[in-house]
Each structure stands twice: as C-alpha cells, then as structure tokens.
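A quick write-up on the structure given underneath.
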Amino acid sequence: MSQEPKGTLYYVDGSPFARLIRVLVREWTYPTTEVKLPFPLPDDFFDLSPLGQVPVLRTKEKVLFPTAAIASHLSEATGQKPYDTQLLAALLSWADSLVAAFYQEWAGLVPVPKKNALGFDPATCNLERVGPFLDWVAQRIDPKTPGAPEFALGCILNWVDSRRPIDCKHPEVITELIRRLGDRASFQETVPAPWSAD
Ligand SMILES: N[C@@H](CCC(=O)N[C@@H](CS)C(=O)NCC(=O)O)C(=O)O
C-alpha cells in the first residue's frame, strides 16, 4: 500500500475484529497506517475510544468504531457493492459471544458451587449457538465472490481454529470459503502470531 494513508488503524495482532478491518483495507485498497498495540490494551486507549476496544480507525474527520461502523465507512469510501449488513452484524455479534465464552475459559472462571441465579453456564450457552448459527450463515455466503461478511467469517473461524478449536463440522460451503480465503494476500499478510492459553 504505497498511496498516501487515509487513516490510522489501531489493532491487536490476535483480534479477529481487527483482522477483518486489516483484510478489508487490503481488499478494497484503502491505505492506512497500521498501529499494533499490546494486549491488554494500554489504559490511555480510552482517550481514543470510549469502548476501549480495537479496531479503531482514525481518519481526518472522525474516530470510527466498532468494527461494523469501520466496515461501512470503508465500503462507502471505496465504492463497494452493498453487502448483507444483517449477516455482517450477526457474525460480529456471534464473535462477541465466542470471545465472552473463550475469555471466561482462559481466565479460569467456572460456575462456583453456590446458587446460579441464571440456571445455566454462560460459556456453555455461548458455544451452543455455533452449530445452528453456522447452518444459517451457510445459506447466505458466496465463497467465489467474498464481501465483508465472508471476510468476517474467515477471520472469526481462523481465530477459533488457531485459539480454541470447536468440535463442530462446518457446512461444505464454509470449508470451501476458508480454503479460498487462505489463498488471498490479504489473509496471508494478516495471519496472527501463534498463541496458546496453556
Ligand atoms: N463488538 C466489538 C468487539 C471488539 C473487541 O472485542 N475487541 C477486543 C479484541 S478481540 C478488544 O479490543 N478487547 C479489549 C478489551 O475489551 O479490553 C467490535 O465489533 O468492534
């Protein structure tokens, strides 16, 4: 990306949300200066974003977050064909629930032997939606002409497979998408460093 940067993109190497935006700026040719941050994020990151999360894209005009808002800005700024915004929103919301489930596990938090006012284990509940949700997603994606939702699905599933694999067979169309995305420069240039909770 040798053109003049249009913005500064703050990211964490392992974040599937941030990776999606790093993929989109490459796929849609929106040059940015990428700033890699440590995780956990520095306390003063709240000065940039009140949510204290990555990704954040700072342009001349505004500070953009969360991921869906950045994707929408990039799509408009680079003149992309409209994509399925419900599908992208559902995928990002699903990723939020996976992050919640995995963080609970990685932090060693399990239900304690006292009254469970909810009556269920939130981490288990968050993982129960994987199968039904991916069946729904499989009806809506096109592995041959990927757009924002397909790139998001690729980033999320690559993250799951590398961080905390789930025992769940994906529909064939999803397997095909992941294989195709792996051949793209945008995915090859943004592969996160290996990490393990152990
Ligand atoms: N819903 C947010 C999720 C972003 C998110 O969870 N980012 C994580 C990294 S994967 C983060 O910055 N976590 C730092 C924290 O929560 O303190 C979005 O769509 O942008």
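Couple of notes before you dig in:
- GluC sites (Glu not before Pro) restricted to the stretch 12-97 and DSSP loop, no more than 15 other C-beta within 10 Å: GLU61
- Fully extending the segment from PHE45 to SER196 would add 51.9 nm, taking 0.36 nm per residue of separation and subtracting the current Cα-Cα distance.
- Principal semi-axes in Å for the chain [√(5λ), Cα gyration tensor, largest first]: 28, 22, 15
- At most 14 other Cβ within 10 Å, DSSP loop - chymotrypsin sites (Phe, Trp or Tyr not before Pro), the stretch 82-174: PHE120
- Where labels lie 7 Å past Cα in the beta-carbon direction, separation of LEU37 and GLN3 in nm: 2.6
- Here the relative contact order of the stretch 11-85, from alpha carbon pairs under 8 Å that lie six or more residues apart, stands at 33 percent.
- Loop-located GluC sites (Glu not before Pro) in the stretch 137-178 (DSSP state not H, G, I, E or B) with no more than 14 neighbouring Cβ atoms inside 10 Å do not occur.
- Cα centroids of the stretch 149-174 and the stretch 1-30: 20 Å apart.
- Reported to the nearest whole Å, the Cα centre-to-centre distance from the stretch 111-126 to the stretch 37-81 is 33.
- The chain: relative contact order as a whole-number percent, Cα under 8 Å and 6+ apart: 24
- Inter-site label distance for THR78 and ASP135 at 7 Å from Cα along Cβ, in nm: 3.4
- Length added when fully stretched, SER93-TRP106, from 0.36 nm per residue minus Cα-Cα: 2.7 nm
Here, each number is a calculation from the coordinates, and none is a lab measurement. On a predicted model such as this, the values are computed, not experimentally measured, just so you know. A quick note on method: Cβ atoms are made from the backbone with ideal geometry, for glycine too, and the neighbour counts reach across all protein chains shown.
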